[in-house]
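Let me begin by presenting the structure, written as structure tokens, before commenting on it.
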Amino acid sequence: MVLQKLLKARRIRQLGLTSGQIGIYNRYVREHEGWGRHLSKSRQAIIGAVELFKPKSICILGSGLLLDVPMKELLSRNINITLVDLLHPAQLVNKYSSNSFVRFETHDLTGGLIHYLQTTRLKALNFFALVNLVSRAKTYASNADLVVSLNLLSQLSDIPIEFLKQKKILTDWQCVELASTIQQKHLESLPKGKSLLVSDILEEFYDERGSITATRPTVFIDLSNLTQVQEWLWDFDTTKTYNEDAITKLRVVSGLVY
Ligand SMILES: C[S@@+](CC[C@H](N)C(=O)[O-])C[C@H]1O[C@@H](n2cnc3c(N)ncnc32)[C@H](O)[C@@H]1O
């Protein structure tokens, strides 16, 4: 029992669940201008979907720090808001605790992979068990009038994959295969005809002269079924702290899921 608790505490650290959100906030402060444009486009995509669907309720998956959620606009329309994340910052929970239009729900949107990685010994982790677990997992189902997967899709696979890569449990092709399974499962969990997906899909690396030198996909599934697609470039890291060899921009898409 005590050993289980110790293992879980160590894995939470190793998976970077808390430090991930702190990292997001620090980069947001450092890269205010480039991030501001991306966050504003994400908020605009949500407002566009709200104007189209006129929902009475909305569910935001991957709400996190709410940097990309147009809370004021949603509340001014008296929309019931459900915020879903692995982790909700205490300040935000406090801020909205007396607002009956806002509800926080804590779920692992991979359907249990994070819990499994927190509680399973390294020796027992293998590719087939992990793919099986994700494929069979019961996914989160929202009955809100509008569901938004918000800058979450690449992150859903990134957190477990980075850990598994670091522990040398998966080969490169297995990482891509597991990431695709997680992402496909998430896409399929979004109710058709009332969901908006916003996600980065590609990392683009630039040199000082502004020439693109390399790319790396962050999403491995087919998104060609999205409609009303918008695309933009997110100035993610101008100071080479993410990739020390290059300036990093992310290609982002938003679209309705049909
Ligand atoms: C890049 S952030 C999205 C931006 C976020 N809306 C904000 O303003 O901070 C990704 C969010 O996904 C959450 N997340 C990552 N993996 C998750 C999982 N398995 N289940 C639920 N949430 C997850 C993280 O906690 C983080 O808050």
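The values are calculated or read from the model by the stated rules, or taken from the named source; none is laboratory data. All values derive from a computational prediction rather than experimental measurement. Here the Cβ positions follow ideal geometry from the backbone for every residue, glycine too, while neighbour counts run over all protein chains shown. Side chains included, ligands, DNA and RNA excluded: accessible areas come from the protein's heavy atoms. Shrake-Rupley method; radii C 1.70, N 1.55, O 1.52, S 1.80 Å.
Applying 1/(1 + (r/R0)^6) with r as the Cβ-Cβ distance of Ser98 and His32 and R0 = 22 angstrom yields a FRET efficiency of 0.15.
Selection among Pro160, Ala214, Gly255 by position relative to the dipole of the range 128-258 gives Pro160 as farthest towards the positive end (Cβ unit charges, Cα centre). Just flag the trypsin sites (Lys or Arg not before Pro) in the range 167-258 sitting in loop per DSSP whose Cβ has no more than 11 other Cβ atoms within 10 Å. When the trypsin sites (Lys or Arg not before Pro) of the range 167-258 are filtered for loop state and at most 11 Cβ neighbours within 10 Å, Lys168, Lys192, Arg209 remain.
The string of couplings for the range 141-146 from the Karplus curve (6.51, -1.76, 1.60, θ = phi - 60°) is 10, 9, 9, 5, 5, 9 Hz, one whole number per residue in order, with x for Gly and Pro.
What translational D, rounded to a whole number of µm²/s, comes out for the range 2-197 from Stokes-Einstein when the hydrodynamic radius is the Kirkwood one over Cα pairs, at 4 °C and 1.567 mPa s? It diffuses with D of about 72 µm²/s by this estimate.
According to the calculation over all Cα-Cα pairs in the range 63-171, the P(r) per 10 Å bin from zero is 11, 40, 27, 16, 5, 0 %. Evaluated at q = 0.16, 0.22 Å⁻¹, the base-10 log of the normalised Debye intensity for the range 24-72, with identical point scatterers placed on the Cα atoms, takes the values -0.49, -0.82.
Residues within the reach of a label modelled at Ile12 (point 7 angstrom out along Cα to beta-carbon, backbone nitrogen below 20 Å), restricted to the range 86-106, are 86-94, 104-106. Of the trypsin sites (Lys or Arg not before Pro) in the range 118-159, the ones in a loop by DSSP (not H, G, I, E or B) with at most 16 other beta carbons within 10 Å are Arg121, Lys138. Heavy-atom accessible surface of the range 133-257, averaged per residue, reaches 48 Å², computed with a 1.4 Å probe. Considering only protein heavy atoms and a probe of 1.4 Å, how much of the accessible area of the chain is carbon and sulfur, as a whole percent? Percent of accessible area from carbon and sulfur atoms in the chain: 52. Sequence-distant contacts, meaning Cα pairs under 8 Å at least 6 residues apart, place the relative contact order of the chain at 19 percent. For the listed residue pairs Lys41/Lys165; Lys8/Lys123; Lys95/Lys185; Lys56/Lys185; Lys56/Lys194; Lys5/Lys95, the alpha carbons are over 24 angstrom apart in Lys41/Lys165; Lys95/Lys185; Lys56/Lys185; Lys5/Lys95.
Going 7 Å from the Cα of Thr120 along its beta-carbon direction, which residues of the range 1-45 have the amide nitrogen within less than 19 Å of the resulting point? Answer for this model: 4-17. Taking GluC sites (Glu not before Pro) that fall in a DSSP loop and have at most 16 other Cβ atoms within 10 Å as cut points, what is the longest piece of the chain between them? It works out to 1-207. Pairwise alpha-carbon distances in the range 119-199 exceed 21 Å for 33% of all pairs.
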